[in-house]
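Right, one structure below, let's go through it.
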Amino acid sequence: MDRLSIVKRMESHQMPILTTQQFAALVGLSVNSASVLLSRLVKAGIVTRVLRGRYALPSTNALAVATGIYVPSYVSLWAAYEHYGTTTQSPRVIDVINPVHSGSLRLHLEDGQCVLRFVKTDSRLIYGFKKEYFGGKVAFIAEKERAVVDGLLFPGYVPLDEVASAIESGVDSRKALEYARRTGRQAVVKRMAYLLTEVGTGELSIEPGELSDTYVPLDPALPRRGRHDSKWRVIVNTVVE
């Protein structure tokens, strides 16, 4: 099979990344022969080796590649805010929430160079994402409400102002609060409730006794100094606009 035919077959496959075994089945070769062929294609710049034994076409969208490495996983945080157009920043870091791996990986594709940052979390926290297609390749992206929750669940990855901007751009308040509850973290629920009432829209339904008496700082990166919001048990130690 000539190289053009191989590229066309890979382009027609929905999965953004193929293992050596999957590539062998796609082109009708043994695994050993496929491995040799893939090495030649990588040297020629026709195929990109993402990880050992995992390959993609250089034209593949970075978000699709990012969520094709570990299953299940989804793109969130700053890359999701950029996807939804709620930030003016254009980060070259793509955060991938997954229950398997932490660390980072530098990725070289036709769109340019970026860094995949894998954020490992408990498998029960893998929810609130959707399937999208980029150039025929499948990717998994956090719903906007889940991306907002992740900004509060994983402090330090994005500034609080970016989380507030995403909320202000329009989210489903009920869904955002429910996703916050599912984390099992009181701090996330309290910060979410405060932000939804300050910069979001919609009435919030909080059951009496749902919130503990402990106050949490709105921005955990800043000192615990500021106005104490007795309704949501939040120390307002920063201004969100």
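Under a Gaussian network description of the chain, with springs only between Cα atoms under 10 Å, the residue in Leu222, Leu160, Leu105 that fluctuates furthest is Leu222. Ratio of Rg to Rh for segment 24-129: 1.03 [Cα atoms; Kirkwood radius as inverse mean 1/r over pairs].
Averaging 1/r over each pair of different alpha-carbon atoms in segment 3-58 and inverting the result gives 10.9 Å, the Kirkwood hydrodynamic radius.
Just grab the label-to-label distance for Asp122 and Arg224, each label 7 Å out from Cα along the Cβ direction, in nm (one decimal). In this crude spin-label approximation the distance works out to 2.3 nm. For the chain, a Gaussian network of Cα nodes joined below 10 Å ranks Ser165, Ser12, Ser73 by mean-square fluctuation, and the top entry is Ser12.
In a simple Cβ point-charge model (Lys, Arg +1; Asp, Glu -1; nothing else charged), the chain has a dipole of about 1020 debye relative to its Cα centre.
With the charge dipole of the chain set up from +1 on Lys and Arg Cβ and -1 on Asp and Glu Cβ about the Cα centre, the Cα lying farthest toward the positive end among the listed residues Ser230, Gln14, Ala34 is that of Ala34.
So what is the diffusion coefficient of the chain in µm² per second by Stokes-Einstein at 25 °C and 0.890 mPa s, using a Kirkwood Rh over Cα pairs?
Stokes-Einstein gives a translational diffusion coefficient of 126 µm²/s.
Shape analysis of segment 119-241 places it in the prolate category; the axes a ≥ b ≥ c from the Cα gyration tensor give an a/c of at least 1.5, with a/b above b/c.
Each of Thr60, Thr87, Thr214 has some number of other Cβ atoms within 10 Å of its Cβ, and from fewest to most they run Thr214, Thr87, Thr60. In the chain, the calculated helix contribution to ellipticity at 222 nm averages -10500 deg cm²/dmol per residue, counting -39,500 (n - 2.57) for every DSSP H run with n ≥ 4. Of Lys130/Lys175; Lys130/Lys190; Lys131/Lys190; Lys8/Lys130, which sit over 23 Å apart, Cα to Cα? In this structure, Lys130/Lys190; Lys131/Lys190; Lys8/Lys130 lie more than 23 Å apart at Cα.
Compared with the dominant principal axis of the Cα atoms in the chain, helix 31-43 is inclined by about 80°.
Since every read-out is calculated from the coordinates, none of them should be taken as a lab result. What you are looking at is a predicted structure, and each value in this text was computed from that prediction instead of being measured. Backbone-built Cβ (ideal geometry, glycine too); neighbour counts: all protein chains shown.
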